[in-house]
Amino acid sequence: MSSGLESLYPFIYAGSSDLDAVLDEVRRSTTDKVGEISRLRGEVLKTYRDALADCATAMARSFEAGGRLFAFGNGGSSTDAQAVAELFENPTPPARPLPATALAADVAALTALANDVSFEVIFSRTLAANGRAGDIALGLSTSGGSANVVRGLQEASRRGMLTIGLAGYDGGKMAEADVIEHLFVMPSASVHRIQEAQTTTYHALWELTHLALS
Amino acid sequence: MATELSGPHVEQIFDRRKDATDALAQDAERVGRACYDMARRFDAGGKLVCFGNGSAAADAAHIAVEFEHPVIMGKRALPAMSLANDAATLSGIIRRGGFDDSFAASLRLHAGAHDIALGISTDGECRNVARGLAAARDAGLLTVALVGGDGGEVGRTPGLDHVLIARSTDPQVAKEVHVTTYHVLWELVHVFFEQPGVLDPAVVP
């Protein structure tokens, strides 16, 4: 198939760029990425095995005392915050539903604050309005550098909430802010692999929280 | 609290991810073929329309933003949307037309024959996702399903172009495989764009 086309498209088909070669590359790339995420999960487990158990124990205590979970992040992380909220509120039985909210799902509050004040306060102001001592704040940022996520966690800490952070790379500003009680940094430079490892991390926290409550 | 958590509890949870993750590598060929078909649709001006329920609704939004706003500088922004983002519209449609046809109804309004429909369901047992994909198939869209377990009702929908099954019955594990899968779908669509010759209609096998 490729030989005839090479004469039609001599530049495009120079080197390895015929369809079969691209498909080969794509297959190899998929396999490589699967290997990367498996290794990254292994590193997260090794680094945070006991810290995850501690964090889930603290979350279970909060829920037992009437606490509620507030999850927040930007972009893909905002969808992770929604997935966290949905998982806690609407779990597969027999796990019991626990109160959880994704802050970015409130588009009215988000756009009002971003328009009237600044994008940096979209989470801190909604936490100031809704959060109480004993509630849980879970901030997600792949870089660890999202200013509004850091501000949200600072506000949560000020209000006496349990503070949890999921970050990537070297933890960025989230690692520097000393307001996060439980910080989990996915040691990777790939946004995609970081998000995948964060997904496993919040699934593990959810499962461990229920185990602690059972 | 009755259970004192310890390291082995955490290890057991992480271990449970391994097989399903490794199994995705076995499906690399299927993933690559789906990417190729998607790249051709985008190249011809099509858009991506995503839908799912619950956590998969969050995935639908995630996939849309992934394509619209690439994390890697210099990659093309591609048209994509989720049918599950607007609670007012979705709950309104459900109230009047029922849950099962909710995505099919929106899809008929927003999508055309040149587009791509991507339905997500961790156990495949989402009737509105199955019907959304069936409506997409009937309208001539490229249809891609991300499912789990045995594929469920979504996976059994006849005539779908690509059914990618996460090999787990645990909804959280299946979701994690889906997240990796759609990250790979996004990245590899762009690999095809970097080799534009393979998108030429004359090359299509």
Dipole of the protein assembly as shown [Lys/Arg +1, Asp/Glu -1 at C-beta], most positive-end residue of A:51, B:69, A:136:
A:136
Give me the distance between the Cα centres of the range B:103-159 and the range A:49-71, rounded to whole Å.
37 Å
Of the listed pairs A:46/B:75; B:18/B:75; B:47/B:75, those with alpha carbons more than 27 Å apart are A:46/B:75; B:18/B:75
Taking Lys and Arg as +1 and Asp and Glu as -1, residues besides residue A:130 with C-beta under 12 Å from its C-beta add up to +1
For the protein assembly as shown, what is the calculated [θ] at 222 nm in deg cm²/dmol (nearest 500), taking -39500 (n - 2.57) for each run of four or more DSSP H residues and dividing by its residue count?
-18000 deg cm²/dmol
Exactly which GluC sites (Glu not before Pro) in the range B:1-41 are in a DSSP loop and have at most 16 other Cβ atoms within 10 Å?
B:4
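Counting other C-beta atoms within 10 Å, and keeping those with at most 13, which DSSP coil trypsin sites (Lys or Arg not before Pro) do you find in the range B:12-113? Each step should come with its number before you reach the end.
Values: sites: B:16, B:17, B:18, B:30, B:33, B:40, B:41, B:47, B:75, B:76, B:95, B:96, B:108; in loops: B:16, B:17, B:47, B:75, B:76.
Within the range B:12-113, the qualifying trypsin sites (Lys or Arg not before Pro) (loop, at most 13 other Cβ atoms within 10 Å) are B:76.
To the nearest 20 debye, what charge dipole does the protein assembly as shown have about its Cα centre, counting +1 at the Cβ of each Lys and Arg and -1 at the Cβ of each Asp and Glu? Before the final figure, lay out each step's value.
Details: 36 positive and 52 negative charges, 151 e Å.
Once rounded to the nearest 20, the dipole reads 720 debye.
Cβ neighbours within 10 Å, averaged per peptide: list A:120-132, B:140-152, A:136-148 in order, most packed at the top. Kindly include the intermediate steps, with their values, before the conclusion.
On the way: A:120-132: 20.3, B:140-152: 22.8, A:136-148: 25.8.
Top to bottom by mean Cβ count within 10 Å: A:136-148, B:140-152, A:120-132.
With +1 on each Lys and Arg Cβ and -1 on each Asp and Glu Cβ, and nothing else charged, work out how big the dipole of chain B is about its Cα centre, in Debye to the nearest 20. Can you show the working numbers first?
On the way: 19 positive and 27 negative charges, 120 e Å.
Roughly 580 debye, rounded to the nearest 20.
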Using 7 Å Cα-to-Cβ label points, what is the residue B:89/residue B:73 separation (nm, one decimal)?
3.4 nm
Kirkwood estimate for chain B, i.e. one over the average of 1/r between Cα atoms, Å:
17.6 Å
Please give the charge dipole size of the range A:16-213, origin at the Cα centre, charges +1 on K and R Cβ atoms and -1 on D and E Cβ atoms. Round to the nearest 20 debye.
500 debye
How much length is gained if the chain between residue A:179 and residue A:214 is pulled fully straight, taking 0.36 nm per residue apart and subtracting their Cα-Cα distance, in nm to one decimal?
9.7 nm
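How big is Rg to Rh over the range A:16-213, alpha-carbon atoms, Rh as the Kirkwood inverse-mean-distance radius?
With Rh from the inverse mean 1/r over Cα pairs, Rg/Rh is 1.02.
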Options A:81, A:204, A:180, ranked by Cα towards positive dipole end of the range A:16-213, top entry (Cβ charges)
A:180
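Between Rg and the Kirkwood Rh of the protein assembly as shown, both from Cα atoms, what is the Rg to Rh ratio?
Values: Rg = 21.6 Å, Rh = 22.1 Å.
Result for the protein assembly as shown is an Rg/Rh of 0.98.
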Can you compute the radius of gyration and Dmax for the range A:129-169, using only the Cα atoms, both in Å?
10.1, 31
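Within chain A, which complete DSSP H helices have Cα atoms spanning at least 27 Å along the helix axis and a mean Kyte-Doolittle hydropathy of -0.5 or higher? Walk me through the intermediate numbers first.
Values: long enough: A:19-64 (57 Å, -0.33); A:191-213 (33 Å, -0.17).
Within chain A the helices that satisfy the rule are A:19-64, A:191-213.
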Go ahead and collect, in residue order, the members of the range B:157-187 whose backbone nitrogen is under 19 Å from a label point 7 Å along the Cα-Cβ direction of residue B:193.
B:181-187
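On average, how many beta carbons from a partner chain sit within 10 Å of the beta carbon of a residue in A:190-196? Display every interim value, and only then the final one.
Working: counts 4, 4, 10, 2, 0, 6, 7.
Across A:190-196, the average partner-chain Cβ count within 10 Å equals 5.
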For the residue A:119, residue A:170 Cβ pair and Förster radius 30 Å, calculated FRET efficiency rounded to 0.05 is 0.80
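Bear in mind these aren't lab numbers, they're just calculated from the coordinates by the rules spelled out. For clarity, every value in this text was computed on a predicted model and none was experimentally measured. All Cβ positions, glycine included, derive from the backbone under ideal geometry; neighbour counts span all protein chains shown.
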